[in-house]
Every structure is written in structure tokens, then in C-alpha cells.
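Asks: Dumping the structure here so I can ask a few things about it.
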Amino acid sequence: MDKKWWKESVVYQIYPSSFMDSNGDGIGDLRGIISKLDYLKTLGADVIWLCPVYESPNDDNGYDISNYQSIMDSFGTMRDWEELLDGLHTRGMKLIMDLVVNHSSDEHHWFVESRKSKDNPYRDYYIWHPGKEGEAPNDWGSFFSGPAWEYDDATGEYYLHMFSKKQPDLNWENPKVRREVYDMMTWWLDKGIDGFRMDVINMISKPPGLPDGADGGTCINGPRVHEFLQEMNREVLSKYDIMTVGETLDVTPEDAALFAGTDRGELSMVFQFELMGIDSGSDGKWWGKPWKLTDFKQIFSKWQTDLEGKAWNSIYLNNHDQPRLVSRFGNDREYRNVSAKMLATLLHTLQGTPYIYQGEEIGMTNVRFKTIDEYRDIETLNMYKEYLEKGRTPEEIMEAIYAKGRDNARTPMQWNGSSPHAGFTTGTPWLAINPNYQDINVEQALADDNSIFHYYRQLIELRKQHEVIVYGRYELINADDEQVYAYTRTLGQEQLLVVLNFYDQPTRFDWTTPEASPILSEKTQAAKLLIVNYDDVPADADVRSMDLRPYEARVYKLS
Ligand code: NOJ
């Protein structure tokens with residue numbers, strides 16, 4: 001068993017513009033985060049992943065960086081950032097920064113130079129191409145609607161942008177670009193950070209000849225991606241005791257074992273998207289289909305089993321690009337409290353490092369703003385225009401946004417129920433607060449022993465007490481059951497049993513199935529309940545047959 005601090009850690013993701021505003025300009029900032037460090041410590045988070053705070057024109061909320069080594073004015077100064085890092089380290093916590101190097105902003109000085117002339121020394125920092133018979137060089141689409149190529153008058157060529165046209169893709173074929181990136185990473189590591197989350201890192205190697213025939217998917221897992229990451233590891237990462245997590249679109253467990261395999265010299269772990277696609281339809285994420293628990297279990301089980309002993313999982317159920325987990329996989333109305341806790345139980349008891357996205361720990365929900373004008377996310381705004389043109393009605397499109405829009409996760413943190421704007425800002429928030437803040441907020445959660453917050457806290461504590469929760473092998477018990485998800489975790493003599501009712505109907509869970517009985521038979525007598533998401537303890541005497549209440553979650557220690 002290869003023990004690592006980052007396997008034993010729980011990561012908490014901060015989306016800075018929506019976390020806490022200290023100066024009343026309506027935008028969250030570093031001093032706001034500093035003021036909440038004790039809150040994060042109380043929760044028990046070990047590592048903070050800070051979404052981009054670098055200088056940026058903010059076309060994609062900081063994922064378009066114009067200077068990698070300075071802090072965006074609206075977030076504060078480098079001094080503030082240093083104080084944040086110190087504040088975390090003093091409390092025994094760590095900090096990982098977002099590394100966005102598939103693309104930069106078009107306002108980065110490299111691009112400003114690059115677009116000036118074909119012989120500019122920075123020309124090859126980006127991907128320029130002449131058109132093909134007056135059209136773009138190929139038929140790739142950008143992830144944010146429209147073509148992935150933008151024509152630039154100054155030199156009469158097109159540049160590639162897999163995201164917005166203000167996010168030109170960097171040319172990783174150019175060794176100078178790679179050197180600049182490695183130097184910049186070294187500079188941050190020498191300031192004392194504890195690792196990186198790497199934005200769309202499996203898109204950095206583009207297919208040779210940039211062939212026609214598909215959308216941006218063609219750039220995924222390009223031919224040189226492992227070579228580049230191994231070089232990055234040799235030149236930079238291997239010199240520090242850090243963690244790295246790659247955001248990798250469209251990967252299978254086999255791919256993940258290449259990016260994060262123990263002996264591969266690349267990354268610590270990756271984010272996979274298979275679960276996030278579970279409710280996508282044939283036309284992508286916006287026009288979805290209902291998800292099924294059997295598929296949900298199959299996906300997690302495959303990742304748990306296929307990576308066992310080969311690579312480490314990252315476990316997340318939402319982030320700043322996804323809808324809120326309780327609205328998507330739980331019940332954000334009558335059963336918000338228990339269903340959020342049930343999902344939290346899953347998050348913390350699979351094998352892998354759990355990632356909590358800000359607000360998840362108090363059960364924040366999706367939002368339904370009345371009109372498109374209240375939305376800020378570039379992907380959402382572009383998609384609205386695109387589908388209006390394609391003939392969808394505004395009502396249909398708004399429903400899709402309510403279900404999948406990224407602003408669901410980006411509404412500001414709800415700190416209390418009594419101040420205007422939930423205590424997030426004294427000014428006007430850049431994105432409106434979810435109107436449910438009077439019921440759902442941190443102040444209420446801290447005061448209520450039965451809150452989702454305290455349940456997260458207990459789960460994090462449990463993880464620290466029981467090594468089996470971190471390192472134990474996973475085994476699914478009931479693949480075919482459409483209502484209950486049950487599995488064991490085993491480490492040497494220690495064994496845990498996790499049982500989760502995913503629906504609002506009570507159910508009897510009998511698990512004297514052929515798969516289950518050999519795993520458990522002799523151990524069930526000694527079962528000890530470690531945690532349950534209801535305030536009264538279940539009455540069942542024998543864990544082989546349980547009466548589960550709506551969304552009930554239980555974790556037993558069997559031996
Ligand atoms: C993935 C990030 O998580 C998302 O927020 C961003 O829009 C794209 N990458 C482009 O950087």
C-alpha cells in the first residue's frame with residue numbers, strides 16, 4: 001500500500017468570486033477567504049483548491065489568464081495571497097492552485113505579440129493557420145458554441161481557441177512555451193504552494209495536421225500528451241512533495257492509469273467525467289435524460305475496481321462547472337437534509353480523494369433566475385443564443401439552464417439568513433444570491449447539530465480515524481438494485497459496509513444475495529454503526545436485512 005498525504009486528505013474547492021467579499025465591490029476576494037479560514041478548519045478540510053485568481057479580463061471568470069504571475073485586482077494583491085497561504089499553513093492546511101495552460105487570455109502579452117506579425121518571436125506560442133478556401137482551417141467547434149477558429153485581420157490567418165475566442169490555445173509543440181510554463185510553475189512552487197489542479201490538461205497535445213472531421217473532441221488525449229506531462233514531471237513536479245490533479249475530459253480508467261499510474265511519473269490523480277455525463281442526451285449535456293442508479297453504480301464501481309492498486313481516484317459530485325449535487329442526484333426540497341447527507345456519505349467512503357465544492361457542505365441548491373439577463377456564465381449565454389437560432393423556445397432553453405447551467409454552482413456563498421445578500425457582500429453581488437438563503441446558510445448550519453455541515457465534519461473525522469476508509473478495497477454488493485447502493489471496503493482484517501437509499505421511498509434491503517453472503521456472513525453479528533444520516537438510530541438488529549427510510553445512509557464497521 002503506497003501511502004500519501006494527498007490520499008488521506010479532503011479537498012475543498014473555492015470559487016473566489018463567489019466565496020466572500022471583504023470590500024463591498026460585490027466580488028469575492030482573497031481577504032474574504034482569509035476571514036473564513038477558521039470556518040474551513042472547523043469543517044476539517046485539509047487542502048484548499050483555489051480556482052484562478054490571476055490577472056484576467058474575466059471573459060471566462062479567470063480561466064482566461066493575462067498574467068500568470070500576478071493577482072487579479074478585484075481579488076486583492078500578492079501580499080494578500082501570501083497571507084492566505086500563511087494562514088492555511090499555520091492551520092496545518094495546504095493550498096493547490098489552478099494551472100490553466102491549455103490556453104491563455106488573448107490579452108496575455110504573448111498573444112498580443114503573437115498576433116502582430118507572422119515573424120514575431122511569439123508567433124509560434126499559439127496555433128495559427130491560413131484559411132481553407134476562405135473558411136476556417138477545419139471544422140472543429142469550440143466548447144462554448146460556434147467554431148474553434150477566429151480570423152485575425154492583422155495577419156490574415158486564423159487562431160485556434162477550443163474555448164472562447166478570448167482564450168487562444170497555446171502551442172505545446174513549441175519547446176519555448178513548455179519552458180515558460182515550467183518556469184512559471186516552479187515560481188509558484190517556490191512560493192510554497194502544495195500542488196496544482198490542471199485545467200483541461202489532456203487537451204494540450206493537438207493531433208498533427210489538425211484534421212477535419214470532428215469537434216473539439218479531437219484534441220483529447222493527443223499523441224504527445226504523456227510525453228509533455230512526463231517532461232513536466234521531470235522538470236518540475238518531481239522536485240517537490242506536492243499533489244496534482246488533472247482535469248481530463250472523456251477519459252476511461254485505462255487512460256486514467258496512464259495519466260496517474262503509480263509508476264508513470266505524471267500526475268497524482270485525474271478528474272474523470274463519466275459520471276458527469278450520466279444524464280446527458282445524444283445532443284450533449286443540455287438536452288439530457290434521466291439517470292439510473294444501476295448506471296451510476298456501474299460507473300463508480302468500474303473506476304473503483306479498475307484503478308485499484310494502479311492509480312488513485314478523485315471523487316467529486318459537483319464543482320464550479322456542474323449543477324449542485326443535491327439538486328441533481330438528491331432531492332432539494334422535502335428531503336434536502338437527508339439526501340445531501342446520503343450523497344456526502346458516498347463521497348467520503350469511496351476509495352479516492354474527496355473534493356467538496358463550496359456551499360455543498362451546507363446543502364446549497366440550484367437556482368432558477370427568471371430571465372437570461374440574470375445569468376453571467378459565458379457558456380450559458382452563448383448556448384442561449386445558439387439554441388434560439390436553432391429554433392428552441394426560450395422556455396425550453398431556460399429549463400435546460402435550470403438543470404445544467406454553470407451558474408447554478410456559482411451563486412455566492414450563503415453565510416447568513418439575516419443580512420442582505422446573505423452576508424456575502426455589502427455591495428451588489430456580481431451574480432445574484434439564491435433566494436433560498438434565509439433557510440440555507442452557514443450561520444444556521446453551524447448552530448444546528450443536525451445540519452449537513454456537521455455531518456460533513458463527522459465524515460471527515462471518521463476518515464481520519466479509520467484507515468480502511470482511505471485505503472480499503474471496494475466491492476459492490478448489489479449491482480442490479482435500482483434503489484439502494486451498497487458496498488464494502490476492506491483493508492486487512494478491517495471491513496466497512498456502506499448502504500445508501502437513493503430515493504424518497506422507504507425500502508427493505510435484504511442482501512442475502514449470492515454476491516453478498518460470502519463477503520459478510522460471519523461478520524454481521526458484530527456490526528457497529530459508525531454514522532447514519534437520521535438523528536435516531538435504526539432499529540434493525542441484523543444488518544443483512546434493513547428497513548431503510550427515504551435517502552437513508554448508514555456506515556457499519558463489520559470487523
Ligand atoms: C475547465 C474549467 O473548469 C472551466 O470552468 C473553464 O471554462 C474551462 N476549463 C476553460 O478553461
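Asks: Roughly how many Å² is the accessible area per residue of segment 1-146, as a whole number, for a 1.4 Å probe?
Replies: About 37 Å² of surface per residue is accessible.
Asks: Can you list residues whose amide H is under 5 Å from Val10's amide H, if they're 5+ apart or on another chain and H is modeled 1.01 Å from N?
Replies: Result for Val10 returns Asp46, Val47.
Asks: What ³J(HN,Hα) values, in whole Hz, does the Karplus curve 6.51 cos²θ - 1.76 cosθ + 1.60 give for segment 268-284 when θ = phi - 60°, with x put for Gly and Pro?
Replies: So the J values, rounded to whole Hz, are 6, 6, 10, 8, 9, 10, 4, 5, 5, x, 4, 10, 7, x, 5, 9, x.
Asks: What number, rounded to the nearest 500 deg cm²/dmol, is the helix-based mean residue ellipticity at 222 nm of the chain, given -39500 (n - 2.57) per DSSP H run of at least four residues and division by all its residues?
Replies: -8000 deg cm²/dmol
Asks: Follow-up. With every protein chain in place, what's the accessible area of Thr77 (1.4 Å probe, Å², nearest 10)?
Replies: The accessible area comes out at roughly 70 Å².
Asks: Amide H to amide H, which residues 5 or more places from Trp149 or on other chains are under 5 Å from it, using H placed in the peptide plane?
Replies: His161
Asks: Please compute the net charge surrounding Arg197, taking Lys and Arg as +1 and Asp and Glu as -1 over other residues with Cβ under 13 Å from its Cβ.
Replies: With Lys, Arg at +1 and Asp, Glu at -1, the neighbours total -4.
Asks: Could you work out the local net charge near Val498, counting Lys and Arg as +1, Asp and Glu as -1, over the other residues with Cβ closer than 9 Å to its Cβ?
Replies: Neighbourhood net charge equals +2.
Asks: Using Stokes-Einstein with the Kirkwood hydrodynamic radius over Cα pairs, what translational diffusion coefficient do you get for the chain at 10 °C and a viscosity of 1.306 mPa s, in µm²/s rounded to a whole number?
Replies: Answer, rounded: 65 µm²/s.
Asks: What is the distance in Å between the Cα centroid of segment 21-48 and that of segment 356-377?
Replies: One Cα centre to the other: 18 Å.
Asks: Specify which residue in the list Thr371, Val484, Phe19 is farthest towards the positive end of the charge dipole of the chain, using unit charges on the beta carbon of Lys, Arg (+1) and Asp, Glu (-1), about the Cα centre.
Replies: Farthest towards the positive end: Val484.
Asks: OK, next. Can you find, among Gly352, Val47, Gln495, the residue farthest towards the positive end of the dipole of the chain? Put +1 on the C-beta of Lys and Arg, -1 on that of Asp and Glu.
Replies: So the residue furthest toward the plus end is Gln495.
Asks: Working out 0.36 nm times the residue gap between Asp73 and Leu529, then minus their Cα-Cα distance, what length gain in nm do you get to one decimal? Kindly include the intermediate steps, with their values, before the conclusion.
Replies: Numbers: separation 456, 0.36 × 456 = 164.16 nm, distance 4.99 nm.
Length gained, Asp73 through Leu529: 159.2 nm.
Asks: Can you tell me what share of the DSSP beta bridges in the chain is antiparallel? A percent to the nearest 5 is fine.
Replies: In the chain, DSSP labels about 60 percent of beta bridges as antiparallel.
Asks: Say the cut-off is 32 Å between C-alpha atoms; which of Lys118/Lys385; Lys41/Lys385; Lys41/Lys191; Lys289/Lys557; Lys206/Lys404 go over it? Intermediate values should be presented prior to the final figure.
Replies: Details: Lys118/Lys385 34 Å; Lys41/Lys385 43 Å; Lys41/Lys191 22 Å; Lys289/Lys557 37 Å; Lys206/Lys404 28 Å.
Long pairs (Cα-Cα over 32 Å): Lys118/Lys385; Lys41/Lys385; Lys289/Lys557.
Asks: Sort Lys116, Lys239, Lys404 from largest to smallest accessible area, using a 1.4 Å probe on the heavy atoms of the protein chains.
Replies: Sorted descending by solvent-accessible area, the residues read Lys239, Lys116, Lys404.
Asks: With unit charges on the beta carbon (Lys/Arg positive, Asp/Glu negative), name the residue among Gly423, Leu446, Met276 whose Cα is farthest towards the positive pole of the charge dipole of the chain.
Replies: Leu446
Asks: In debye, nearest 20, what is the charge dipole magnitude of segment 50-160 about its Cα centre with +1 on Lys and Arg Cβ and -1 on Asp and Glu Cβ, if you could check?
Replies: It comes to approximately 360 debye.
Asks: By its C-alpha gyration tensor, with a ≥ b ≥ c as the square roots of the eigenvalues, how is segment 122-167 shaped: rounded for a/c under 1.5, else prolate for a/b larger than b/c, else oblate?
Replies: It is oblate, given that a/c is not under 1.5 and a/b is not larger than b/c.
Asks: For a test of the definition: using alpha carbon positions, the gyration tensor, and the 1.5 limit on a/c, classify segment 113-203 as rounded, prolate or oblate.
Replies: Details: a/c = 2.99, a/b = 1.67, b/c = 1.79.
Judged from the Cα gyration tensor, segment 113-203 comes out oblate (a/c at least 1.5, b/c at or above a/b).
Asks: According to a simple spin-label model (label point 7 Å from Cα along Cα-to-Cβ), what is the distance in nm between Lys310 and Gln505?
Replies: A separation of 3.7 nm, rounded to one decimal place.
Asks: About the Cα centre of segment 124-210, what is the dipole size in debye to 20, counting +1 per Lys and Arg Cβ and -1 per Asp and Glu Cβ, all else neutral?
Replies: Numbers: 9 positive and 15 negative charges, 62 e Å.
Once rounded to the nearest 20, the dipole reads 300 debye.
Asks: FRET efficiency for Ser35 and Asp139, Cβ-Cβ distance as r, R0 = 41 Å, nearest 0.05? Display every interim value, and only then the final one.
Replies: Numbers: r = 49 Å, r/R0 = 1.19.
In this case the efficiency is close to 0.25.
Asks: Please get the size of the charge dipole for the chain, origin at its Cα centre, with Cβ charges of +1 on Lys and Arg and -1 on Asp and Glu, quoted in debye to the nearest 20.
Replies: Its charge dipole is roughly 1120 debye.
Asks: How far is it, in nm, from the label point at Lys302 to the one at Thr428 when both lie 7 Å from their Cα along the line to the Cβ?
Replies: The two pseudo-label positions are separated by 4.8 nm.
Asks: Would you check the accessible area of Lys4, probe 1.4 Å, heavy atoms only, in square angstrom rounded to 10?
Replies: We get 80 Å² for Lys4.
Asks: Round to a whole number: what % of the accessible area of the chain belongs to carbon and sulfur, probe 1.4 Å?
Replies: 48
Asks: Report the extension gain between Asp283 and Glu482 in nm, rounded to one decimal, defined as 0.36 nm multiplied by the number of residues separating them, less their alpha carbon distance.
Replies: Roughly 69.1 nm would be gained on extension.
Asks: For segment 247-404, what does the alpha-carbon gyration tensor say about shape, rounded, prolate or oblate, given a ≥ b ≥ c as the root eigenvalues, a/c under 1.5 as rounded, and a/b over b/c as prolate?
Replies: The shape class here is prolate.
Asks: Below 12 angstrom from the Cβ of Pro130, what's the summed charge of the other residues (Lys, Arg +1; Asp, Glu -1)? Please list the in-between numbers first.
Replies: Working: positive: Lys118, Lys132; negative: Glu133, Glu135, Asp152, Glu157.
Around Pro130, the charge tally is -2.
The values are calculated or read from the model by the stated rules, or taken from the named source; none is laboratory data. Worth saying up front: this structure is predicted, and the values here are computed from it rather than measured. Please note: Cβ atoms are built from the backbone with ideal geometry, for glycine as well, and neighbour counts cover all protein chains shown. Just so you know, the surface numbers come from the protein's heavy atoms only, side chains and all, with ligands and any DNA or RNA stripped out. Shrake-Rupley method; radii C 1.70, N 1.55, O 1.52, S 1.80 Å.
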